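Asks: Below you'll find the structure I mean.
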Amino acid sequence: MADRRLQVFHTVARLLSFTKAAEELHMTQPAVTFQVRQLEEHFNTRLFDRTHNRISLTDAGKTVFASSDRIFELYSEMENAVREITGEISGALAIGASTTIAEYMLPTLLGDFKERYPDVIIHLKVSNSDGIVSMVENNTIDLGVVEAPVGNKNLVVEHCKRDQLFAIVPPGHPLAGAEMVTFERLLEYPFICREEGSGTREVINDYLNLQHDCHSVLKVSMELGSPEAVKGAVEAGMGVSVVSGATIQKELKLGTLVALNLDPSLDRPFSFVHQKQKFRLRVMEELLEFARAYCREHDA
């Protein structure tokens, strides 16, 4: 219902990028530029300063951005109030999740949610934990689900379930016969791990900092961008790693990987992250409550 020109402007102003706004709105960049120019012609003033491939809001742009924030919040409140009366649960939500969660937890959760609420449209963005937190901070997504601690105290962080991590080695590896292994022993072998910014990488670093007996420094022989890539490298005998137990169920059944308990054990919370907003769409509240129930049911 809202003015399309204002919607496009608001997205560009929030992201300070015509390119990123075009991606988020599923529009071409020329179409985004045209909508912004239409609004500038309406007000007969520039809303953005454009210098050296960077943009910033003019004073007029800052005023329009602040007002559009209030306008879109009122639209949301109006739609929510009507849906409260009619009992309808519908709308669109943008969710972001770190790779492990997006690949191994969310498919079942979101599938069950869509079955109950078929009129809800969900857009899922996948990144590492740092990237998801950044999306929440910039209002690019409504809800993030991450696997690492969140440092921004201005965000709401709610633990949903715990995830245990295991050392993994290929069959026939010298450690394959052990039921438990210390990290100090594990680090005697080439170590394969996720990239910097990954929640798994951050949790491992925090764990090592607490191990007083672990004098070895983490020497990474290979950095890879997904759990599947890490597992494949370990299966190929290129090294050892530590991964979420949720990611290796298929490999354990097939016998292509061996999982070892860490001594001491290592687990971490999966957490919901969202803005501290006074108002949220009812569909967001429904998804949060649904996800909380799912996590309680599936928490090991």
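Here is a yes/no grid of residues against (1) of a type in the set (A, V, I, L, M); (2) open to solvent by 60 Å² or more (accessible area, probe 1.4 Å); (3) farther than 28 Å from Y117 by Cβ:
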position: R46; (1), (2), (3): no, yes, yes
position: N53; (1), (2), (3): no, yes, yes
position: A60; (1), (2), (3): yes, no, yes
position: E73; (1), (2), (3): no, yes, no
position: E77; (1), (2), (3): no, yes, no
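Asks: Assuming L252 fulfils every condition listed in (1) in contact (Cβ under 8 Å) with a residue 40 or more places away in the chain; (2) farther than 24 Å from N128 by Cα apart from one, which condition is it?
Replies: (1)
Asks: Here's something else I'd like to know. Conditions first: (1) open to solvent by 50 Å² or more (accessible area, probe 1.4 Å); (2) among the charged types (D, E, K, R); (3) modelled with pLDDT under 85. E24 passes all but one, so which condition is the exception?
Replies: (1)
Asks: Is it the case that the stretch 206-223 has a residue that's β-branched (V, I, T) and touching a Phe, Trp or Tyr at 6+ places or on another chain (Cβ under 6 Å)?
Replies: Yes - at least one qualifying residue is present in the stretch 206-223.
Asks: Kindly evaluate R14 against the criterion of being in contact (Cβ under 8 Å) with a residue 12 or more places away in the chain and open to solvent by 90 Å² or more (accessible area, probe 1.4 Å). Steps first, answer last, please.
Replies: On the way: in contact (Cβ under 8 Å) with a residue 12 or more places away in the chain: yes; open to solvent by 90 Å² or more (accessible area, probe 1.4 Å): no.
Criteria not met by R14.
Asks: Determine which single condition S129 fails, assuming it passes every other condition in (1) under 14 Å from the mean Cα position of the chain (by Cα); (2) open to solvent by 70 Å² or more (accessible area, probe 1.4 Å); (3) not hydrophobic (A, V, I, L, M, F, W, C).
Replies: The one condition S129 does not meet is (2).
Asks: Next up: Take the residues in the stretch 268-292 that are assigned to a strand (DSSP E or B) and out of contact with any helix residue (DSSP H, G or I) (no Cβ under 9 Å at 6 or more places or on another chain); name whichever of them is nearest to E184 (Cα to Cα).
Replies: The extreme case among them is P269.
Asks: What number of residues in the stretch 234-252 are over 15 Å from L165 (Cα atoms), open to solvent by 40 Å² or more (accessible area, probe 1.4 Å) and part of a helix (DSSP H, G or I)?
Replies: Selection size over the stretch 234-252: 2.
Asks: Let me ask you something else. Out of the stretch 22-81, which residues are hydroxyl-bearing (S, T, Y) and either in contact with a strand residue (DSSP E or B) (Cβ under 7 Å, 6 or more places away or on another chain) or outside any strand (DSSP E or B) (or both)?
Replies: Matches in the stretch 22-81: T28, T33, T45, S56, T58, T63, S67, S68, Y75, S76.
Asks: Taking the stretch 132-160 as the search range and keeping residues that are surrounded by 21 or more Cβ atoms within 10 Å (Cβ to Cβ) and of a type in the set (D, E, K, R), which one is modelled with the highest pLDDT?
Replies: For the stretch 132-160, the residue satisfying everything is D142.
Asks: Look at I204 and say whether it is crowded, with 16+ Cβ neighbours inside 10 Å and modelled with pLDDT of 90 or more.
Replies: no
Asks: Does the stretch 98-118 contain at least one residue that is polar (S, T, N, Q), crowded, with 16+ Cβ neighbours inside 10 Å and free of Cβ contacts under 8 Å to residues at least 40 places away in the same chain?
Replies: Within the stretch 98-118, none of the residues are polar (S, T, N, Q), crowded, with 16+ Cβ neighbours inside 10 Å and free of Cβ contacts under 8 Å to residues at least 40 places away in the same chain.
Asks: If you take the residues of the stretch 218-233 that are out of contact with any Gly (no Cβ under 9 Å at 6 or more places or on another chain) and more than 21 Å from Y207 (Cα to Cα), which of them is most open to solvent (accessible area, probe 1.4 Å)?
Replies: It comes out as E228.
The values are calculated or read from the model by the stated rules, or taken from the named source; none is laboratory data. None of these values were measured; they are calculated from a predicted model. Glycine gets a Cβ as well: all are built from the backbone with ideal geometry, and neighbour counts include every protein chain shown. Surface accessibility is based on the protein's heavy atoms, side chains included, excluding ligands, DNA and RNA. Shrake-Rupley method; radii C 1.70, N 1.55, O 1.52, S 1.80 Å.
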